[in-house]
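Chemist: Submitted below is the structure of interest, expressed as structure tokens.
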Amino acid sequence: EIISANYDFLPSSRVKMNDLIIYELHVGTFTKEGTFESAIGKLDYLKELGVTAIEVMPVAQFPGKRDWGYDGVYLYAVQNSYGGPLSFKKFINEAHRRGLAVILDVVYNHVGPEGNYMTLLGPYFSSKYSTPWGLTFNFDDSGSDEVRKFVLENVEFWIKDYNVDGFRLDAVHAIIDNSPKHILEDIADVVHKYERIVIAESDLNDPRIINPKEKCGYNNDAQWVDDFHHSVHAFLTGERSGYYADFGSIDDIVKSYRDVFVYDGKYSKFRKKTHGKPVKDLDGCKFVVYVQDHDQVGNRGDGKRLIELIDKESYKIASALYLLSPYIPMIFMGEEYAEKNPFYYFSDFSDPKLIQGVREGRRRDNGQTTDPQSEETFNASKLSWNINEEILSLYKNLIKVRREYLTPCSRNLSIDYGNSWIIVKYERIFIIYVFSESTLKVNYTGNLVLSSSHQFPREIKEGVYTLSKGFAVYKH
């Protein structure tokens with residue numbers, strides 16, 4: 001299919017970092033139909049929710065009709081089962097019509113394992129490095145100049161031909177580049193030339209990714225913070241398997257609030273080595289936090305969402321912890337109304353050996369018992385849209401509180417805490433989080449703005465209180 005690059009686009013939303021509230025969605029499971037056209041029907045809902053940007057999981061053409069998108073092989077083609085190029089352009093235009101930005105998730109650390117014919121056309125892939133997911137791009141060896149150009153022109157392609165507002169770079173820790181100028185810095189240069197934004201996913205806990213060039217950084221606008229998720233998840237669920245072995249204390253939540261990374265030069269039992277580096281002189285808008293995302297839900301063997309793992313009051317607390325954090329919050333589709341359908345890993349490969357390898361790998365590494373290749377697994381992952389109005393109302397109110405009372409990007413806060421409670425004080429509000437019935441001393445006075453339950457007094461004064469599980473926001 002040949003598509004003209006000409007399209008009557010509305011102006012880009014050009015959302016500012018200090019106004020970002022991100023909503024991550026997977027086109028194929030966001031609606032029953034699983035298309036861009038049907039997703040357009042939910043844009044008014046997202047606008048009313050209060051988010052300012054939609055992060056669309058990868059749309060580059062992948063094998064078959066069902067995939068998360070990280071097995072894409074044609075970087076310049078839009079997935080046909082979602083509706084193809086014109087439908088994607090329409091989706092972006094309609095988002096812009098409502099003042100919503102579109103951040104596109106792109107994959108430059110590898111190409112999917114099926115349908116990749118680029119090896120026949122040139123030295124696109126590295127012979128020195130590898131990933132568990134597929135061949136990795138050759139960014140620093142013989143012939144790498146043209147490979148780098150291929151990727152950088154792809155970034156430009158999504159901006160010029162589709163008018164996207166920014167990018168999320170998948171797993172940049174798996175992008176190996178020993179060139180004098182790292183490809184991540186080159187990508188940032190292209191993005192910033194068009195006044196767009198770029199957000200990196202990294203598990204390195206390394207500020208170099210977002211540090212400015214004058215500090216020898218790659219100049220990306222923000223990066224994801226897995227430590228925040230792991231801290232909240234492990235503490236609320238009690239899970240300690242895998243990387244959760246490094247977390248589970250209330251101190252971890254407090255440290256992530258104060259210092260961003262929990263592991264910032266500290267020994268990790270899970271990794272069996274010292275991990276991370278401290279964050280210095282970077283504001284809160286340099287970091288994206290969440291309590292659910294496609295990986296943290298979908299890479300569980302059972303695909304369970306957080307609402308299925310903890311009680312409702314704990315769920316409310318988790319939601320407030322990140323939506324009222326000093327960082328950029330990201331909602332995973334459906335969590336805002338307590339969606340209960342699972343989100344599994346799914347695929348639609350045709351190679352029998354690859355299919356079997358994926359089945360065995362997901363069973364071995366993730367404990368997934370559902371068949372990734374089955375259409376039933378895909379259908380089970382679709383949002384039900386059975387809305388819990390109480391939770392949806394809470395999310396809307398939390399977003400309103402964030403906009404009205406938090407100073408954008410400011411990490412200026414103080415924290416008091418005990419074994420089962422935290423009080424976070426900002427310039428204009430303070431928030432009391434109680435994880436189980438506790439007696440705590442409140443050192444501030446304020447009027448109630450929002451709470452998860454009716455137990456909290458409308459006016460609170462300095463003193464000692466015994467409170468049950470929940471949270472409350474008070475204005476000084």
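Chemist: Would it be correct to say that S268 is surrounded by fewer than 23 Cβ atoms within 10 Å (Cβ to Cβ), free of Cβ contacts under 8 Å to residues at least 12 places away in the same chain, farther than 26 Å from S468 by Cβ and over 15 Å from the mean Cα position of the chain (by Cα)?
Modeler: No.
Chemist: Given the criteria touching a helix residue (DSSP H, G or I) at 6+ places or on another chain (Cβ under 9 Å), at pLDDT 95 or above and among the charged types (D, E, K, R), does E55 qualify? Even if it seems obvious, please write down each step before you answer.
Modeler: On the way: touching a helix residue (DSSP H, G or I) at 6+ places or on another chain (Cβ under 9 Å): no; at pLDDT 95 or above: yes; among the charged types (D, E, K, R): yes.
It is false that E55 is touching a helix residue (DSSP H, G or I) at 6+ places or on another chain (Cβ under 9 Å), at pLDDT 95 or above and among the charged types (D, E, K, R).
Chemist: What number of residues in segment 304-329 are in a loop (DSSP other than H, G, I, E, B) and either in contact with a helix residue (DSSP H, G or I) (Cβ under 6 Å, 6 or more places away or on another chain) or not polar (S, T, N, Q) (or both)?
Modeler: Going through segment 304-329 one residue at a time, the tally reaches 8.
Chemist: Within segment 339-346, is there a residue that is of a type outside the set (A, V, I, L, M, F, W, C), in contact with a helix residue (DSSP H, G or I) (Cβ under 9 Å, 6 or more places away or on another chain) and more than 14 Å from R305 (Cα to Cα)? Walk me through it before giving the result.
Modeler: At the first step, the residues of segment 339-346 found to be of a type outside the set (A, V, I, L, M, F, W, C) are 339-342, 344-345.
Then keep just the ones that are in contact with a helix residue (DSSP H, G or I) (Cβ under 9 Å, 6 or more places away or on another chain); that gives 339-342, 344-345.
Add one more test, that the residue is more than 14 Å from R305 (Cα to Cα), and what stays is none.
Scanning segment 339-346, I find no residue that is of a type outside the set (A, V, I, L, M, F, W, C), in contact with a helix residue (DSSP H, G or I) (Cβ under 9 Å, 6 or more places away or on another chain) and more than 14 Å from R305 (Cα to Cα), so the answer is no.
Chemist: To continue, here is another question. With respect to L46, determine if the residue is assigned to a helix (DSSP H, G or I), touching a Lys or Arg at 6+ places or on another chain (Cβ under 9 Å) and not charged (D, E, K, R).
Modeler: yes
Chemist: State yes or no: is L392 under 22 Å from the mean Cα position of the chain (by Cα), of a type in the set (A, V, I, L, M), closer than 15 Å to S319 by Cα and not in a strand (DSSP E or B)?
Modeler: In short, yes.
Chemist: What are the pairs, 6+ residues apart or on separate chains, where a residue within segment 139-151 that is within 14 Å of K181 (Cβ to Cβ) and among the polar types (S, T, N, Q) has its Cβ under 6 Å from a residue that is in a loop (DSSP other than H, G, I, E, B) and modelled with pLDDT of 95 or more?
Modeler: Once the first residue is within 14 Å of K181 (Cβ to Cβ) and among the polar types (S, T, N, Q) and sits in segment 139-151, its partners that are in a loop (DSSP other than H, G, I, E, B) and modelled with pLDDT of 95 or more give S144/N138.
Chemist: Among the residues of segment 185-223, how many are under 15 Å from N109 (Cβ atoms), more than 15 Å from the chain's Cα centre (by Cα) and in contact (Cβ under 8 Å) with a residue 60 or more places away in the chain?
Modeler: Number of matching residues: 2.
Chemist: Just the residues that are touching a residue at least 12 places away in the same chain (Cβ under 8 Å), over 27 Å from the mean Cα position of the chain (by Cα) and within 20 Å of E404 (Cβ to Cβ), please, taken from segment 428-463.
Modeler: Passing the criteria: R428, Y444, T445, G446, N447, L448, V449, F456, E459, I460.
Chemist: Does K280 count as at pLDDT below 95 and closer than 25 Å to F167 by Cα?
Modeler: Spelling it out, K280 is indeed at pLDDT below 95 and closer than 25 Å to F167 by Cα.
Chemist: Tell me which residues, restricted to segment 25-58, are without any contact (Cβ under 8 Å) to a residue 40 or more places away in the chain, out of contact with any Phe, Trp or Tyr (no Cβ under 8 Å at 6 or more places or on another chain) and not small (G, A, S).
Modeler: E33, Y45
Chemist: Shifting gears a bit: Only one residue in G238, G248, G301, G217 is closer than 24 Å to S420 by Cβ, in contact with a helix residue (DSSP H, G or I) (Cβ under 6 Å, 6 or more places away or on another chain), surrounded by fewer than 21 Cβ atoms within 10 Å (Cβ to Cβ) and not basic (K, R), so which one is that?
Modeler: The conditions single out G248.
Chemist: If a residue must be closer than 18 Å to D348 by Cβ and among the hydrophobic types (A, V, I, L, M, F, W, C), how many such residues does segment 366-388 contain? Break it down into steps so the answer makes sense when it comes.
Modeler: Applying the first criterion (closer than 18 Å to D348 by Cβ) to segment 366-388 yields 368, 370-382.
With among the hydrophobic types (A, V, I, L, M, F, W, C) added as a condition, the list becomes 378, 380.
Count: 2.
Chemist: Out of segment 152-184, which residues are in a helix (DSSP H, G or I), in contact (Cβ under 8 Å) with a residue 24 or more places away in the chain, out of contact with any helix residue (DSSP H, G or I) (no Cβ under 7 Å at 6 or more places or on another chain) and farther than 18 Å from G217 by Cβ?
Modeler: Once the filter is applied, which keeps residues that are in a helix (DSSP H, G or I), in contact (Cβ under 8 Å) with a residue 24 or more places away in the chain, out of contact with any helix residue (DSSP H, G or I) (no Cβ under 7 Å at 6 or more places or on another chain) and farther than 18 Å from G217 by Cβ, segment 152-184 yields N154, F157, W158, I159, K160, D161, A174.
The values are calculated or read from the model by the stated rules, or taken from the named source; none is laboratory data. Note that this is a predicted model, so its numbers are computed, not measured. Ideal geometry is used to build each Cβ from the backbone, glycine not excepted, and the neighbour counts take in all protein chains shown.
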